[in-house]
Amino acid sequence: MNLTDLADRYGSDKGSTKHRYTELYEMLFRPFRDRSIRFLEMGLQIGGPEHGESADRKTTDLPSVRMWLEYFPKAHIHGLDVSDFGWFADDRFSFYRCDMDARENIAAVAANSARLTSSSTMRATPRTTSSPVSSNSSRS
């Protein structure tokens, strides 16, 4: 199944019903599909402060993360968002709560998480920092 079909199946706005980004993503990412990679998505679901909603809004689904997990069967998906998606449980997904309006917040996530940059086996452990960044993982 191609990436656009997966986006449509999971209800992602990246598919054929809205932005159509998956048509380009399919061409760019196809060579990596069956590789063991680390993949980062910044901004996990439409909504939040950029749409006048609270960063503490209730979140209930992650369509694009579900899409990426199926598209990249050997990948570990990392997600950054200002809203809390720490409830999403998958061994191949790690969530980092981060206000991405400031570059230093994104840099703090990278600096505090060897899971994003390390070539060793990733072991996800829940972590909270005193900076405006926190890490939650679905693994125990």
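The values are calculated or read from the model by the stated rules, or taken from the named source; none is laboratory data. Treat the numbers as computed from the prediction; the structure is a model and nothing was measured. Backbone-built Cβ (ideal geometry, glycine too); neighbour counts: all protein chains shown.
Summary table
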read-out	value
Residue match in region 48-59 (condition: at pLDDT below 95, among the aliphatic types (A, V, I, L, M) and in contact with a helix residue (DSSP H, G or I) (Cβ under 8 Å, 6 or more places away or on another chain))	yes
Residue match in region 2-18 (condition: of a type in the set (Gly, Ala, Ser), outside any helix (DSSP H, G or I) and surrounded by fewer than 12 Cβ atoms within 10 Å (Cβ to Cβ))	no
Boolean, Arg30 is without any contact (Cβ under 8 Å) to a residue 40 or more places away in the chain and loosely packed, with under 15 Cβ neighbours inside 10 Å	yes
Residue within region 20-27 that is modelled with pLDDT of 90 or more and assigned to a loop (DSSP other than H, G, I, E, B) present	yes
Residue list for region 40-78, restricted to those being over 14 Å from Arg92 (Cα atoms), among the aliphatic types (A, V, I, L, M) and in contact with a Lys or Arg (Cβ under 8 Å, 6 or more places away or on another chain)	none
Index of the failed condition, Asp56 passing every other in (1) assigned to a helix (DSSP H, G or I); (2) of a type in the set (Asp, Glu); (3) closer than 20 Å to Val109 by Cβ	(1)
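Residues are listed down the side, and each one gets a yes or a no for (1) closer than 19 Å to Gly15 by Cβ; (2) surrounded by 15 or more Cβ atoms within 10 Å (Cβ to Cβ); (3) within 14 Å of the chain's Cα centre (by Cα):
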{"site": "His51", "(1), (2), (3)": "no, no, no"}
{"site": "Arg57", "(1), (2), (3)": "no, yes, no"}
{"site": "Leu62", "(1), (2), (3)": "yes, yes, yes"}
{"site": "His76", "(1), (2), (3)": "no, yes, yes"}
{"site": "Trp87", "(1), (2), (3)": "no, no, yes"}
{"site": "Ser94", "(1), (2), (3)": "no, yes, yes"}
